[in-house]
Amino acid sequence: MPETAARAELCPLGARCPVQDELTRLKEEHRRLTGLVQTDPLTGLFNLRHLMECLDRELERTRRTGLPTSLVMMDLDHFKAINDTHGHEAGNQALRWASGLWRKALRRLDVLCRYGGEEFVAILPATPLPRAVQTAERLRRALAETPMELDGRRVALTASFGVDVYLPRHTFSPEAFIKRTDAFLLAAKAAGRNRVHHRDLGAGTAPTALTPEERSALADGGDPGRRHRE
């Protein structure tokens, strides 16, 4: 029997098609598994694997277009004390609370990831350092000014931030970029926490205008990282 005739018998007009149903199920399963590979199950943010893949693409884009890529690293302050005082599940809730606030405060083209433990990273495409510092300060205030609700109590949360920028003249790797930004985060922690640290804003910047093609490509990056620090 010809293949078209077999399909006609299998999927008559108006009847459900087992083959199509199975294809739909397989597509949905593929989409689910892809999401598991790219996302952190606790917060729903992108994970470390996706962070490194995306950061590598954005640095290449900077070298190609001249548009800077900024990186913001954030770490919840005194996270161990939250676990010790309120319990492990409270710590998990704090991670979800912070990630939810920060996701709402970022642009659609920004990429927010859980780096690991209580540390997060945001990739800010086509963003010069001054604007990235403003973004980090907005994220800091969003958390500090919005206490977490925990069993009828309000639990204050804060975080420390490090910010750096990748310019077209730079040649260091994504790993080195993260290490540079992490150094500013450590400086913020050492200086008293709940603050933003970055390098001198007087350094040169790059053009920030986006072409329609770049804007479309950046938007496709999505909106929704591994160490433990006290």
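The values are calculated or read from the model by the stated rules, or taken from the named source; none is laboratory data. Note that this is a predicted model, so its numbers are computed, not measured. Positions of Cβ are backbone-derived with ideal geometry, glycine not excepted, and every protein chain shown enters the neighbour counts.
Tabulated values for the structure
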item	result
Answer from Tyr115, Tyr166 - the residue that is of a type in the set (Ser, Thr, Tyr), within 16 Å of Arg57 (Cβ to Cβ) and either touching an Asp or Glu at 6+ places or on another chain (Cβ under 7 Å) or modelled with pLDDT of 95 or more (or both)	Tyr166
Members of region 80-110 that are assigned to a loop (DSSP other than H, G, I, E, B) and on the phi < 0 side of the Ramachandran plot	Leu106, Arg107, Arg108, Leu109, Asp110
Pair list, Cβ under 9 Å, 6 or more apart: region 180-201 residue closer than 19 Å to Gln134 by Cβ and of a type in the set (Gly, Ala, Ser), other residue modelled with pLDDT under 95 and surrounded by 16 or more Cβ atoms within 10 Å (Cβ to Cβ)	none
Qualifying residue in region 192-213 (condition: modelled with pLDDT of 95 or more, surrounded by fewer than 14 Cβ atoms within 10 Å (Cβ to Cβ) and within 18 Å of the chain's Cα centre (by Cα))	no
Subset tally (residues that are at pLDDT 85 or above, within 24 Å of Gln93 (Cα to Cα) and either part of a loop (DSSP other than H, G, I, E, B) or not aliphatic (A, V, I, L, M) (or both)) for region 29-61	12
Selected residue (criterion: nearest to Val165 (Cα to Cα)) from residues of region 37-56 that are of a type in the set (D, E, K, R) and exposed (fewer than 15 other Cβ atoms within 10 Å of the Cβ)	Asp56
Scan of region 65-87 for residues that are among the acidic types (Asp, Glu) and loosely packed, with under 15 Cβ neighbours inside 10 Å, ordered by number	Asp84
Long-range neighbours under 8 Å by Cβ, at least six apart or interchain, first residue over 30 Å from Pro68 (Cα atoms) within region 128-156, second among the β-branched types (Val, Ile, Thr)	Pro147/Val155; Met148/Val155; Glu149/Val155; Val155/Ile82
Selection count, region 142-194, where residues are of a type outside the set (A, V, I, L, M) and closer than 18 Å to Cys54 by Cβ	12
Residue identified as at pLDDT 95 or above, aliphatic (A, V, I, L, M) and under 20 Å from Asn47 (Cβ atoms) among Ala126, Ala98	Ala98
